[in-house]
Amino acid sequence: MNISDTPFPHIIIDDYFSDEELELIMREFNFLLPKFGDPSSYGGAENDDGTYLSDSTGLSLDDVYNNRNVSDILSISSKRLFTLPFWESIAKDHEFWEQVLRSDSDHTKIRKYAPGEDYLSHQDCWVNVLVSWTLQEDTGGGGDLYFEQHDLYIKSKTNRCVMFPGWVKHMVTPVVETDRFALTKFVHCATKMTGTGD
Ligand SMILES: [Fe+2]
């Protein structure tokens with residue numbers, strides 16, 4: 001695990017899911033794959049003129065399930081991500097990550113980036129912590145996270161998890177040869193939070 005405060009707070013965790021967890025996640029992902037739609041169907045980020053910043057296909061899982069427990073992807077990713085002692089321990093030394101403890105809502109999307117597909121640079125200003133997992137990516141290349149204002153690349157790699165503030169400008173570089181399967185969780189505040197002192 002790599003926790004860094006520069007050039008902005010971010011965490012990289014490799015081999016995030018166990019083999020069993022990843023198998024269950026990919027089973028559901030592949031089942032849903034034929035239902036994937038364009039960015040208008042999963043609420044993709046838009047340009048000022050209303051065109052979409054990505055040509056990847058995907059699904060917003062919160063639109064698919066009324067009961068999150070039915071979904072292995074939602075259950076496993078949330079169970080693993082929102083482990084309280086983990087965040088309490090990290091937040092002691094890295095203040096930004098209190099954002100996870102102070103957030104009270106999350107949304108989850110799954111996406112497929114076929115060769116040539118990307119996600120142009122944008123900010124998700126409503127997102128405190130953006131969690132991006134690459135579930136499957138062979139050796140084709142591309143599909144990396146790039147933070148243009150900091151000239152920082154984080155390579156896409158199967159079973160790698162990257163967390164960063166949604167308001168840092170980010171993009172996904174064009175996938176080169178083989179599909180990239182991704183899972184993204186947007187962690188934010190749906191209600192006004194008062195913090196610990198009020
Ligand atoms: Fe984004």
Among chymotrypsin sites (Phe, Trp or Tyr not before Pro) in segment 69-112, those in a DSSP loop whose Cβ has at most 15 other Cβ atoms within 10 Å are Phe82
If each part is reduced to its alpha-carbon centroid, segment 118-149 and segment 33-66 end up apart, in Å, by 15 Å
Most exposed first, judged by fewest Cβ atoms within 10 angstrom, Glu148, Glu117 run Glu148, Glu117
Fewest to most Cβ atoms within 10 Å: Val70, Val129 sort as Val70, Val129
Whole-Hz Karplus couplings 3J(HN,Hα) for segment 31-39, θ = phi - 60° and coefficients 6.51, -1.76, 1.60, Gly and Pro as x, run 5, 7, 3, x, 9, 4, x, 6, x
Within the set Asp15, Asp124, Asp93, GNM on the chain using Cα springs under 10 Å gives the largest fluctuation to Asp93
Phi-derived 3J(HN,Hα) across segment 146-163 with the Karplus relation (6.51, -1.76, 1.60, θ = phi - 60°), rounded Hz, x for Gly and Pro, is 9, 10, 5, 6, 10, 6, 10, 9, 10, 5, 6, 8, 3, 6, 9, 10, 10, 10
FRET efficiency (Val176, Asn30; Cβ distance; R0 22 Å; to 0.05) is 0.50
Listed residues Leu59, Leu84, Leu24; largest mean-square fluctuation, Gaussian network over the chain with Cα springs below 10 Å, found at Leu84
Under 5 Å from the placed amide H of Ser156, counting only residues 5+ away or on other chains, we find Asp144, Leu145
Sorted by chain and number, the residues with a modelled amide H under 5 Å from that of Ala45, at a separation of 5 or more or across chains, are Leu53
Hits in segment 1-39: amide N under 20 Å from the 7 Å Cα→Cβ extension of Lys169, namely 6-10
Stretched fully, the stretch from His122 through Asp5 gains (0.36 nm per residue minus C-alpha distance, one decimal, in nm) 40.0 nm
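Taken together, the values in this text are just the output of simple stated rules run on the coordinates, not laboratory data. If you're wondering where the values come from, they're calculated on a predicted model, not measured in any experiment. Glycine also receives a Cβ, built like all others from the backbone with ideal geometry; neighbour counts cover every protein chain displayed.
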